[in-house]
Amino acid sequence: MTLYLYNSLNRRKEKFHPIRPGQVGLYTCGPTVYNFAHIGNLRTYIFEDILKRVLRYNGYRVKHVMNITDVGHLTGDRDMGEDKMEKGAQREGKTAWEIAAFYTQAFKKDLARLNILEPDIWVKATDTIDDQIALVQILEEKGYSYRTDDGIYFDTSKFKDYTKLSHQDLTALQEGARVEKNPQKRNPTDFALWKFSPLGVQRQMQWDSPWGVGFPGWHIECSAMSMKYLGDQVDIHCGGTDHIDVHHTNEIAQSEAATGKTFFNFWIHGAFLIIAGGKKMAKSEGNFLTLDNAFVKQGLNPLVYRFASFQTHYRKPMEYSRESMLAARNGLQHLKNQVRQVVGDDGKADGPVSEVHRDKFLEAVNDDLNMPRALATVQELLKSDVTPAGKYATILDFDRVLGLDLDKVEACEQLPPEIQDLVNQRHTARKTKDWAASDRLRDEIQALGYNVHDTPQGMKVIKK
Ligand code: AMP
Ligand code: ZN
């Protein structure tokens, strides 16, 4: 069955064909590790996870690379403002390296709690400085760069397809950019490939380069890393819609200028998580919620957020509210109860998969990851006359995409919601190998009158 994906390059749904038969190269822009990820960021990582799982569901082998931006990402996208890492270090009285290590771990923990599959390759920007310098050298040799007092810049006027992704009107942008911070820039859209450390300032993260001591521009890292691990021409690159106009546009310009080849065939972007009133959730807006604050500490299983995000198509803004999350909690609980009804005594999924429902599910996810439709198919299956064993087998097949731990419902009897929340938290603690929390939660559940047994099939919780 054909997979259709909306390609931001051409602004339409297109048939997906990989460059190499059966294999897909996937690059997803990773976090800047100067703070916790907020649940808006995590919405984007959930959509990317669905994309990857759908590719696998279609039988493709996926090679997935994600970067960790641990250096030199300024607070403004256009090479102005402060360095986020150094600012984070000052705020917390730690080194920039400690900040990066701490928030990288926190990010990976969030991914695990959301059942987001890890990439095959994690790359830190600071581990590929040489590759980034080499790429800037190529651009210099080909005449695309120039020097200003604060760094080496890419001359966007020399790359004729500069707006092919953003579809921006550059004249409007020129007029809008009257307050230009660096008057030596030739065009408002030019961007830094390499920034010099300011004179007299000892930065924590800086490197020697052919142009002077400094640090790489933000965009060059994703170009260098994706080329290093996936090659010059790759299948799919993703991120949030905020990356279209600057970050991804600049990645394309510098990569295609360097190689003379099409960089990525598909550019896929997820819409924002917004809050009431339509405002984007953003670190800079001070309105951001983390998975810990909004879910774990409120006794809500993080998978409630994953389930909630399936209710809105990834290209539409999703509004966060506490009420909608509580509704999602009930929805997920209801689904688990429904699944529990079809699990046989032995907990095995040996019924035949219902091909009719599998085809419908595949058709939904292959229609540009239409998760609301995929969830409707799940309900159709559960209400159909397929045998319980067939329903369970089909649900577990769907869960390869859904990632909602629907294989773990058999081990629990129907529990009151407050006990179920503790059980869910303990699942998460065990998944992230947080044994202290796992033990504490077991004691809590037992104190409330339930026995907890860890069996090879999962956790069994039974009323004393
Ligand atoms: P950053 O760490 O700022 O580079 O962001 C990490 C990812 O989250 C990027 O792909 C962004 O496009 C995405 N992102 C940022 N804010 C939001 C939001 N409110 N909703 C959804 N995605 C977002
Ligand atoms: Zn990137």
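The values are calculated or read from the model by the stated rules, or taken from the named source; none is laboratory data. Bear in mind that the values here come from a model prediction, so they are computed numbers and not experimental data. Neighbour counts are summed over all protein chains in view; Cβ atoms, including those assigned to glycine, are modelled from backbone coordinates with ideal geometry.
Observations, loosely collected:
- Note on the range 263-295: residues that are more than 18 Å from Tyr314 (Cα to Cα), modelled with pLDDT of 95 or more and near ligand 1 (Cβ under 8 Å from one of its atoms) total 0.
- Residue match in the range 150-168 (condition: under 16 Å from Arg186 (Cβ atoms), without any contact (Cβ under 8 Å) to a residue 40 or more places away in the chain and crowded, with 16+ Cβ neighbours inside 10 Å): yes
Listed here are the residues, each with its yes/no results for (1) among the hydroxyl-bearing types (Ser, Thr, Tyr); (2) surrounded by fewer than 24 Cβ atoms within 10 Å (Cβ to Cβ); (3) modelled with pLDDT of 95 or more.
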| residue | (1), (2), (3) |
| --- | --- |
| Tyr4 | yes, yes, yes |
| Arg11 | no, yes, yes |
| His17 | no, yes, yes |
| Gly30 | no, no, yes |
| Val62 | no, yes, yes |
| Val71 | no, no, no |
| Arg78 | no, yes, no |
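- When restricted to residues that are within 17 Å of Phe107 (Cβ to Cβ) and surrounded by fewer than 22 Cβ atoms within 10 Å (Cβ to Cβ), the range 292-301 contains 4.
- Boolean, Glu251 is crowded, with 20+ Cβ neighbours inside 10 Å, free of Cβ contacts under 8 Å to residues at least 40 places away in the same chain and not hydroxyl-bearing (Ser, Thr, Tyr): yes
- Val65 being within 16 Å of ligand 2 (Cβ to nearest atom) and part of a loop (DSSP other than H, G, I, E, B): no
- Of the strands (runs of 3 or more DSSP E) lying entirely inside the range 218-300, the ones with 2 or more residues being within 15 Å of ligand 2 (Cβ to nearest atom) and among the hydrophobic types (A, V, I, L, M, F, W, C) are found at 234-240, 264-270.
Rundown of residues vs (1) within 16 Å of ligand 1 (Cβ to nearest atom); (2) surrounded by fewer than 24 Cβ atoms within 10 Å (Cβ to Cβ); (3) within 31 Å of the chain's Cα centre (by Cα), yes/no style:
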site	(1), (2), (3)
Asn187	no, yes, no
Trp194	no, no, yes
Pro198	no, yes, no
Gln202	no, yes, no
Pro210	no, yes, no
Pro216	yes, no, yes
Met225	yes, no, yes
Leu230	no, yes, yes
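- Failed criterion for Asp399 (all others in (1) out of contact with any helix residue (DSSP H, G or I) (no Cβ under 8 Å at 6 or more places or on another chain); (2) within 26 Å of Leu117 (Cβ to Cβ); (3) assigned to a loop (DSSP other than H, G, I, E, B) hold): (3)
- Residue within the range 332-352 that is within 16 Å of ligand 1 (Cβ to nearest atom) and within 24 Å of the chain's Cα centre (by Cα) present: no
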